[in-house]
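The values are calculated or read from the model by the stated rules, or taken from the named source; none is laboratory data. What you are looking at is a predicted structure, and each value in this text was computed from that prediction instead of being measured. All Cβ positions, even for glycine, are placed from backbone atoms using ideal geometry, and neighbour counts span all protein chains on display.
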Amino acid sequence: MMNSRTNGNTSDSCVAWHVLYHAALFETDQNKLPQRIADAESAILARIRELFAVATDHIEEDVVLDDALYALRALRTCVLPESNAAQRVATLDISREQFGRC
């Protein structure tokens, strides 16, 4: 297991998000794919939060993390269109409740 460094460049969470990201990208079982995507997104967001607390320069990793999130969202949209439709409806319902109906 890799030791964490205080500069935020290398850590267990950095390695973990890569593994989960690749598992989602290369998952062939449609039934497992939604969970793989969710797990990868959670790990990436955890890494982003971890880097936010670090005072060093990590712009390059920020870009990589943003690109990975974008790719996962694109994968979800292309491969799981019915789950996206349900997610969009749920998001719209939440927005309407928060801001009132227009």
Can you give me the ranges of the helices (runs of 4 or more DSSP H) entirely in the stretch 1-86 with at least 2 residues that are among the aromatic types (Phe, Trp, Tyr) and modelled with pLDDT of 90 or more? 12-25
Hey, among the residues in the stretch 54-69 that are among the hydrophobic types (A, V, I, L, M, F, W, C) and under 16 Å from Leu25 (Cβ atoms), which one's farthest from the chain's Cα centre (by Cα)? Val64
